[in-house]
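Undergrad: Pasting in a structure now, in structure tokens, and then I'll have a few things to ask.
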Amino acid sequence: MAIAEVLPNEYGYVIIVVVFYCFLNLWMGFQVGGARKRYKVPYPTLYAIESENKDAKLFNCVQRGHQNSLEMMPMYFLLMILGGMKHPCICTGLGLLYNVSRFFYFKGYSTGDPKKRLTIGKFGFLAMLGLAVCTISFAISLLRG
């Protein structure tokens with residue numbers, strides 16, 4: 001039996017949204033690379049030091065926006081992939097909300113004012129909560145047989 005026969009047809013949307021996040025992550029990485037050139041922060045320096053670079057906070061905010069997105073990625077992927085097996089349409093919607101909120105989280109953080117990351121970016125936490133509920137629902141349905 002092929003895996004495509006077991007998964008709901010709508011699961012393809014879940015996959016597309018996960019891949020969309022991969023492209024978003026690549027874009028954020030390019031933004032960090034541009035910030036390295038703009039603020040003169042050479043590799044392999046992960047974070048700039050304010051006593052050595054007047055633009056350290058600006059660079060660090062761009063770097064942190066991307067780094068935080070990388071830190072959340074495994075949990076997001078796991079919840080999307082598993083929760084989407086039972087609730088593909090709900091997870092697709094929540095995943096899109098998460099992706100869009102992550103974009104605004106990054107853009108807000110990149111301004112140099114970390115508080116701006118939460119203007120629209122805060123909705124990503126709501127999306128993650130919804131994905132967790134979908135995944136728990138899937139787990140319960142498996143346990144009940």
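Undergrad: Of Ile136, Ile140, which residue is among the hydrophobic types (A, V, I, L, M, F, W, C), surrounded by fewer than 18 Cβ atoms within 10 Å (Cβ to Cβ) and under 22 Å from Val18 (Cα atoms)?
TA: Just one listed residue meets the conditions, Ile136.
Okay, residues lined up against (1) surrounded by 11 or more Cβ atoms within 10 Å (Cβ to Cβ); (2) under 15 Å from Gly112 (Cβ atoms); (3) not hydrophobic (A, V, I, L, M, F, W, C):
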residue	(1), (2), (3)
Ala2	no, no, no
Asn25	yes, no, yes
Gln31	yes, yes, yes
Ala35	yes, yes, no
Arg38	yes, yes, yes
Cys61	yes, yes, no
His66	yes, yes, yes
Ser69	yes, no, yes
Met73	yes, no, no
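Undergrad: Considering only segment 79-86, I want to know if a residue exists there that is under 22 Å from Ala35 (Cα atoms), touching a Phe, Trp or Tyr at 6+ places or on another chain (Cβ under 7 Å) and either surrounded by 21 or more Cβ atoms within 10 Å (Cβ to Cβ) or among the hydroxyl-bearing types (Ser, Thr, Tyr) (or both). Spell out the reasoning first.
TA: Kept after step one, since they are under 22 Å from Ala35 (Cα atoms), are these residues of segment 79-86: none.
No, segment 79-86 contains no residue that is under 22 Å from Ala35 (Cα atoms), touching a Phe, Trp or Tyr at 6+ places or on another chain (Cβ under 7 Å) and either surrounded by 21 or more Cβ atoms within 10 Å (Cβ to Cβ) or among the hydroxyl-bearing types (Ser, Thr, Tyr) (or both).
Undergrad: So, restricting to helices (runs of 4 or more DSSP H) that lie completely within segment 26-145, which ones have at least 3 residues that are among the aromatic types (Phe, Trp, Tyr) and over 18 Å from Ile15 (Cβ atoms)?
TA: On the way: elements: 56-86, 88-109, 123-144.
In segment 26-145, the matching helices (runs of 4 or more DSSP H) lie at 88-109.
A short reminder: the numbers here are calculations on the coordinates, not readings from a lab. The shown structure was predicted, so the numbers you read here are calculated from the model rather than taken from an experiment. Here Cβ is always computed from backbone atoms with ideal geometry, including for glycine, and neighbour counts include all displayed protein chains.
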